[in-house]
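Chemist: Mind looking over this structure? Questions follow.
The values are calculated or read from the model by the stated rules, or taken from the named source; none is laboratory data. This structure is a prediction, so every number in the text was calculated from the model and none was measured. When we count neighbours, we look across all protein chains shown, and the Cβ atoms used for this are built from the backbone with ideal geometry, even at glycine.
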Amino acid sequence: MEHNLREAGFFGTMEPEQMTAKYGSPVYVYNEGILRSRCRELKQMVTYPHFVIDYSIKANFNPALLQIVKEEGLEVDVMSPGEIYLAKMAGYEPNQIFYICNNVSEEEMCYAIEAGVTTSVDSLSQLEQYGRLNPGGKVAIRLNPGHGAGHHQKVVTAGKETKFGIDAEMLHEVKEILARHNLALIGLNQHIGSLFLDKEQYLKSVDSILNCAKEFPDLEFVDFGGGFGISYHKEDKKKRLDLKDLGKELDEIMYRFAEEYGREIIFRAEPGRYVTAESSVLLGTVTAVKNNHENKYIGTDIGFNVLMRPVLYDSYHEIEVYGKSVEMSGKKERVTVVGNICESGDILAKDRMLPSMREKDVIGVLDAGAYGHVMSSNYNGRLRPAEVLVKEDREVCLIRKRDTFEDLAGNYVLLP
Ligand SMILES: Cc1ncc(COP(=O)(O)O)c(C=O)c1O
Ligand SMILES: N[C@@H](CCCC[NH3+])C(=O)O
């Protein structure tokens, strides 16, 4: 007998239907217990004593979730002054924030320098800019190991076809710029792409970055990057990324490197998705059921303004249906689940076998906690959803209010 997340207790003391009624539909629901477990798995993956997990908050920067991640002992990597601001709001100190930026303005770079966070730059041009703005300072650089990985071409972030990182052949120029501005290179980092389940590409990139690291005797840290995957398909759920196995390999590599280098430097990894993806179900409501020629469409209030991944990357998310009628009938049918946005690409799930649904049924989109709410928008004048947390004591609390019409209109300036 297949169990859904409601039966597994994901929603704590409330029913999904009560949540949409109280907080509005759609609503992102997070489970504290799952979030904490993911953090602990990462913290425990190696024995090397100076291994730091930086949660990459671009996956989800809700400050209440960051408070939990911080309690679990993870530091953070950020992408912008906005993310620095939110990390600080959650209680992170500047020395726990790693700013890995890409093509930023002088103004943004100055914000990070003034905030006192370690910055990594990813081109010679940005290294020059950093040197001009903070001569004599400390800096890290992002390398491009020459090959990438990822669930879609759009999220591969290393290799010849991407804008990221400095090629290893350019280390000579890097050294010249460092010397010209009297900069100390304290760290090397890389990130090959998002969502790997097979450790081989990651380990290959670890090997490349450590080869470069040998050229710089004064490093404080080397950061191997994120990209740790999860399985979005129910049938693959048991085949999890084997963190223990990856950790064992990393341990060997890190201890060996420390011995050759003569010091136990800090090693870091920066997973985003792995930390938050599985901790959230996005609840929405069936608003229309319709047959168009051969297709049966289930219209919902989950447009791509609320969850962009399926439209942007053809990503798959499991869907559960929580309506009472569903439990009684037990029938399944082939449907296409769509949103309420004025574009024909607004498809959440195509040709899926799902329990037969009726208007007002509540559905849950699984594994929505990473790159979900943070990528939502007000397209079509829609309100971004609330976010709620099911705490470990099973009680439910609000951690982000749903947008209001005032929020939607707030920044516009009418002509006099
Ligand atoms: C520099 C950097 N670090 C870390 C991450 C986190 O990636 P993921 O969520 O796949 O772990 C990203 C996003 O891909 C990134 O661009
Ligand atoms: N937004 C992407 C991941 C990209 C991460 C940023 N480098 C996703 O949903 O899978």
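Chemist: Look through Ser329, Ser344, Ser377 and report the one residue that is under 17 Å from the mean Cα position of the chain (by Cα) and not aromatic (Phe, Trp, Tyr). It would help to see each step written out before you state the result.
Modeler: Numbers: Ser329 fails: under 17 Å from the mean Cα position of the chain (by Cα); Ser344 fails: under 17 Å from the mean Cα position of the chain (by Cα).
Answer to the check: Ser377.
Chemist: Scan Gly165, Gly146, Gly159 and give me the residue that is touching an Asp or Glu at 6+ places or on another chain (Cβ under 8 Å), surrounded by fewer than 23 Cβ atoms within 10 Å (Cβ to Cβ) and within 26 Å of Arg273 (Cα to Cα).
Modeler: Values: Gly165 fails: surrounded by fewer than 23 Cβ atoms within 10 Å (Cβ to Cβ); Gly159 fails: touching an Asp or Glu at 6+ places or on another chain (Cβ under 8 Å).
Sole residue among the options that is touching an Asp or Glu at 6+ places or on another chain (Cβ under 8 Å), surrounded by fewer than 23 Cβ atoms within 10 Å (Cβ to Cβ) and within 26 Å of Arg273 (Cα to Cα): Gly146.
Chemist: What are the pairs with Cβ atoms under 9 angstrom where one residue, in region 255-269, is on the phi > 0 side of the Ramachandran plot and the other, located anywhere, is of a type outside the set (Asp, Glu) and assigned to a loop (DSSP other than H, G, I, E, B)? Sequence gap at least six, or different chains.
Modeler: Gly262/Pro217
Chemist: For region 184-200, give me the residue count where each residue is surrounded by 21 or more Cβ atoms within 10 Å (Cβ to Cβ) and touching a Lys or Arg at 6+ places or on another chain (Cβ under 7 Å).
Modeler: The total comes to 4.
Chemist: Now for a different question. Among the listed residues Gly131, Gly91, identify the single one that is within 21 Å of Leu185 (Cα to Cα), touching a Lys or Arg at 6+ places or on another chain (Cβ under 8 Å) and either outside the structural domain of Val222 (by TED's automatic domain parsing) or not polar (S, T, N, Q) (or both). Before the answer, list the steps.
Modeler: Values: Gly91 fails: within 21 Å of Leu185 (Cα to Cα).
Answer to the check: Gly131.
Chemist: Could you tell me how many of the residues in region 166-192 are within 16 Å of ligand 2 (Cβ to nearest atom) and either under 20 Å from Ile265 (Cβ atoms) or hydroxyl-bearing (Ser, Thr, Tyr) (or both)?
Modeler: At the first step, the residues of region 166-192 found to be within 16 Å of ligand 2 (Cβ to nearest atom) are 189-192.
Now narrow it down to the ones that are either under 20 Å from Ile265 (Cβ atoms) or hydroxyl-bearing (Ser, Thr, Tyr) (or both): 189-191.
Of the residues in that region, 3 qualify.
Chemist: Would you point out which residue out of Glu235, Glu249 is in the same structural domain as Leu188 (by TED's automatic domain parsing), at pLDDT 95 or above and either more than 16 Å from ligand 2 (Cβ to nearest atom) or part of a helix (DSSP H, G or I) (or both)?
Modeler: Values: Glu235 fails: at pLDDT 95 or above.
Only one candidate passes the filter, namely Glu249.
Chemist: Need at least 2 residues that are out of contact with any strand residue (DSSP E or B) (no Cβ under 6 Å at 6 or more places or on another chain) and within 14 Å of ligand 1 (Cβ to nearest atom) per element, so show me which helices (runs of 4 or more DSSP H) inside region 63-162 make the cut, counting only ones lying wholly within it.
Modeler: Details: elements: 63-71, 81-89, 106-115, 124-133.
In region 63-162, there are no helices (runs of 4 or more DSSP H) which contain 2 or more residues that are out of contact with any strand residue (DSSP E or B) (no Cβ under 6 Å at 6 or more places or on another chain) and within 14 Å of ligand 1 (Cβ to nearest atom).
Chemist: Run down Glu83, Glu161, Glu75 and say which single residue is more than 15 Å from ligand 2 (Cβ to nearest atom) and either among the charged types (D, E, K, R) or not assigned by TED's automatic domain parsing to the domain that holds Glu41 (or both).
Modeler: On the way: Glu83 fails: more than 15 Å from ligand 2 (Cβ to nearest atom); Glu161 fails: more than 15 Å from ligand 2 (Cβ to nearest atom).
So the residue among Glu83, Glu161, Glu75 that is more than 15 Å from ligand 2 (Cβ to nearest atom) and either among the charged types (D, E, K, R) or not assigned by TED's automatic domain parsing to the domain that holds Glu41 (or both) is Glu75.
Chemist: Also: Of the residues in region 347-387, how many are in a loop (DSSP other than H, G, I, E, B) and surrounded by fewer than 19 Cβ atoms within 10 Å (Cβ to Cβ)?
Modeler: 7
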